[in-house]
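Have a look at the structure below before the remarks.
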Amino acid sequence: MRVLVTGAAGSLGRTVTVGLADRGHEVVGLDLLPEPEGFEGGWHAVDCADADAVAAVFTAQPLDAVVHLAGNPDESSLPEALTSHVVSTAALLDAMVDQGVRRLVYASSNHAVGGVPRVDTVDAATLPRPDTFYGVAKVAAEALLRLYADRYGFDTVACRIGSFRSQPESVRELATWLSPDDAVRMVEAALTAPAPGFAVLYGVSANARGWWDLEPGRGLGYDPLDDAEDHAAGVTPGPDDAAETAHVGGPFLAPSMRRPALD
Ligand code: 15L
């Protein structure tokens, strides 16, 4: 499969591009940054929110699917978040319509439901409950995926990723960790699942302390193999652990994350 990976120079992007290439896929990278050393394949240094530039990428080579990982991973103003996550997704989806590319795997986030108290069930049917403007933008991007799946018959998989790290770094992350190897498993499953239509899965490893339902992912062929518990001895408890484990979104619920929408 020839796959366009956006955000290919980021930490998740580098893991996914190498992992997909190792699994026999042809990877075309897209990022604002130049290609990392050693990257093999096509590369487009463009802004994903620039619809004309994105359209030109799609005419440069035929593609089978898109993995959209690009976007600011932190909180920002609402307009910045909408540009980074929603406008970029729309630019890709419109280019897909024009070029007949029918599958998009999306790096959504647990922050789309970050306001859910941790004791509640969190599964694919959990209603949006963003904890930040970042989360609002992820919800809106997921809504776009649903719209294009309904309107054009696309397969669009929203992966609500927990905490992508080489190792868990806090008590919360013992529940929310997504390991590098599981991230590749997740993306490949979402790319190759037969006809998922619009689907949501939780992008976490098989953590013994995990909070979220892994079954929607397993239904798409994502079987995580790693467990944050294997790294628990290296995690030092901290003063914010209780607050960070009270809601799905952890630190994004902290008062310091609050800001006016339009500043
Ligand atoms: C995310 O979606 C963020 O991009 C990342 O920076 C982490 O905060 C992560 O979620 C998390 O919840 O740990």
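Observations
- Residue list for region 209-218, restricted to those being touching a residue at least 24 places away in the same chain (Cβ under 8 Å) and either basic (Lys, Arg) or surrounded by fewer than 22 Cβ atoms within 10 Å (Cβ to Cβ) (or both): Arg209, Gly210, Trp211, Asp213, Glu215, Pro216
- Output for region 99-142, where each listed residue is away from the ligand (no atom under 16 Å from the Cβ), of a type in the set (A, V, I, L, M) and over 12 Å from the mean Cα position of the chain (by Cα): Val101, Val119, Ala124, Ala125, Leu127
- You will find that of Pro239, Pro216, Pro168, Pro251, the residue that is within 28 Å of Phe133 (Cβ to Cβ) and more than 21 Å from the chain's Cα centre (by Cα) is Pro239 and no other.
- Residue count for region 240-257 under the criterion of being touching a residue at least 24 places away in the same chain (Cβ under 8 Å) and under 23 Å from Tyr202 (Cα atoms): the result is 11.
- For region 166-180, the count of residues that are more than 16 Å from the ligand (Cβ to nearest atom) and either among the basic types (Lys, Arg) or in contact with a helix residue (DSSP H, G or I) (Cβ under 7 Å, 6 or more places away or on another chain) (or both) is zero.
- Flag for Val16 being in contact (Cβ under 8 Å) with a residue 40 or more places away in the chain and in a helix (DSSP H, G or I): yes
- Residue match in region 182-190 (condition: in a helix (DSSP H, G or I), basic (Lys, Arg) and either on the phi < 0 side of the Ramachandran plot or crowded, with 19+ Cβ neighbours inside 10 Å (or both)): yes
- The one condition in (1) in a helix (DSSP H, G or I); (2) within 16 Å of Val122 (Cα to Cα); (3) within 16 Å of the ligand (Cβ to nearest atom) that Pro216 fails to fulfil: (3)
- Selection within region 144-165 - under 14 Å from the mean Cα position of the chain (by Cα) and away from the ligand (no atom under 12 Å from the Cβ): Leu145, Thr156, Val157, Ala158
Quick grid of which residues meet (1) more than 30 Å from Ala243 (Cβ to Cβ); (2) charged (D, E, K, R); (3) in a strand (DSSP E or B); (4) touching a residue at least 60 places away in the same chain (Cβ under 8 Å):
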position	(1), (2), (3), (4)
His85	no, no, no, no
Thr89	yes, no, no, no
Asp98	yes, yes, no, no
Asp150	yes, yes, no, no
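- Test: residue in region 40-50 that is in contact with a Gly (Cβ under 6 Å, 6 or more places away or on another chain) and either among the β-branched types (Val, Ile, Thr) or farther than 27 Å from Ala261 by Cα (or both): yes
The rows are residues; the columns are (1) hydroxyl-bearing (Ser, Thr, Tyr); (2) in a helix (DSSP H, G or I).
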position	(1), (2)
Thr126	yes, no
Leu147	no, yes
Ser166	yes, no
Glu169	no, no
Pro194	no, no
Leu201	no, no
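- Those strands (runs of 3 or more DSSP E) lying entirely in region 20-78 with at least 3 residues crowded, with 16+ Cβ neighbours inside 10 Å, within 16 Å of the ligand (Cβ to nearest atom) and of a type in the set (A, V, I, L, M, F, W, C): none
Every number here is computed from the coordinates shown, using simple stated rules; none is lab data. Predicted model only: the values in this text are computed from it and were never measured. Heads up, the Cβs are rebuilt from the backbone with ideal geometry, glycines too, and the neighbour counts pull from every protein chain shown.
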